[in-house]
Amino acid sequence: MYNLNGKVALVTGAGGRRGIGRAIAIRLAREGADLAVNDFAQIPSREVGEAKDWEGLNSVVKEIQTLGRESMAVVADISKEKEVDDMVARIVDRFGKIDILVNNAGVMGTKGIPLIELAEKDWVGPLSVMLNGTFHCCRAVGKQMVEKRIKGKIINISSINGKVAFSGEGAYDPAKFGIIGLNQALALELAPHGINVNAVCPGVVHTDLGLEAQKTRAKKNGISVQEARRLYYEPLAPLIPLGRAGKPEEIANMVAFLASSEADFIVGQAINVCGGFLIAH
């Protein structure tokens, strides 16, 4: 559908089997881009998820290569400035440039705890990864885009939680609100360089991000993780006008559009991909 031939993309948080990051990486590869995929670990803990054959970033790289594209895995904690700078340097050394940055890496907040009772570590954690991490990646990649005069695309994954706050979400909502603010400020600064900065705001999407909570729920109730996942998402469906949660591939569809030349006149937007949730609440 889109032509990303000759482009190099970096997608953070891409190591999850059912993650939005993996879906984005595969979609961009299908459109012709070469990929650098990042996560905080090369291979996920064997305690996470039911599949024992999933090799995290290694599996994603293999998928991309089967599509005929070049790919590399880069392990880095994006909350740490030096690790991000080193990651970007390695990618540029391998591919010569980065045309597309997708800031997807995220963590769950501490659910159900009022902010006035929230421990500082539970406040700092989500902000460090999602807001600071997005800043670190935008700065490092944006700098090389400007220096190399690349008319690139930066796509920041926020959330509907970045537009409407929900009680008990801890630092998750503030981090996602912050990403939208960062998105707008950076868009203004980089637009004169021909760099488009936009955000995508997913709604409820079937992913593994909340898997640990679902595993705990499964153990507590003596049910399978699959059943716990179903029980988690089922009550949310009636809140969504389309009547279902989204798929990671549906978020990837919007990212692919924003990464393409079709979106060359779109700057500083935060686009909802939520099945109509926000217009119903």
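Any read-out appearing in this document is the output of simple, stated calculations on the displayed coordinates, not a laboratory observation. These numbers come from a predicted model, not from an experiment. Positions of Cβ are backbone-derived with ideal geometry, glycine not excepted, and every protein chain shown enters the neighbour counts.
Things to note:
- Helix-only mean residue ellipticity at 222 nm for the chain, each DSSP H run of n ≥ 4 adding -39500 (n - 2.57), per residue, nearest 500: -12000 deg cm²/dmol
- Considering only M1, V146, G96, the residue lying farthest towards the positive end of the dipole of the chain is M1, judged by Cα position with unit charges set on Cβ.
- Simple Cβ-charge dipole of the chain, Lys/Arg +1 and Asp/Glu -1, about Cα centre, in debye nearest 20: 340 debye
- Ascending count of other beta-carbon atoms within 10 Å, so fewest first, for H206, H136, H281: H281, H206, H136
- Dipole of segment 142-281, positive end: most advanced residue of Y233, P174, A270 [Cβ charges, Cα centre]: Y233
- Amide H contacts under 5 Å for N272, placed H, 5+ residues apart: C201
- In terms of its C-alpha gyration tensor, segment 44-123 comes out oblate, because a/c is 1.5 or above while a/b does not outweigh b/c.
- The angle between the Cα long axis of helix 20-30 and the longest principal axis of the Cα atoms of the chain comes to about 40 degrees, rounded to the nearest 10.
- Counting only lysines at least 8 places from K247 when in the same chain, those with an alpha carbon closer than 20 Å to its own are K176.
- Of the residues S224, N161, V107, the one whose Cα sits farthest toward the positive end of the charge dipole of the chain, with +1 on the Cβ of Lys and Arg and -1 on the Cβ of Asp and Glu, is S224.
- Rounded tilt (10° steps) of 248-259 against the dominant C-alpha axis of the chain: 30 degrees
- Among the listed pairs K82/K153; K82/K215; K62/K220; K111/K163; K111/K143, a Cα-Cα separation exceeding 25 Å is found for K82/K215; K62/K220; K111/K143.
- Sparsely packed chymotrypsin sites (Phe, Trp or Tyr not before Pro) within segment 212-281, loop by DSSP, other Cβ within 10 Å at most 10: F265
- Of the residues D264, D86, the one with the fewest other Cβ atoms within 10 Å heads the list, and the complete ranking is D264, D86.
- Residue order for L190, L231, fewest other beta carbons within 10 angstrom first, comes to L231, L190.
- Angle in degrees between helix 172-190 and the longest Cα principal axis of the chain, rounded to the nearest 10: 10 degrees
- For the chain, the relative contact order comes to 20 percent (Cα pairs under 8 Å, sequence separation of at least 6).
- Placing pseudo-labels 7 Å out from each Cα toward the beta carbon at K97 and F166 gives an inter-label distance of 4.0 nm.
- Couplings for segment 156-165, taken from phi via the Karplus curve 6.51 cos²θ - 1.76 cosθ + 1.60 with θ = phi - 60°, read 9, 8, 9, 5, 4, 5, x, 10, 9, 7 Hz in order; Gly and Pro are left as x.
- Rounded to 0.05, the FRET efficiency of the I266 and N221 pair, given R0 = 45 Å and the Cβ-Cβ distance, is 0.50.
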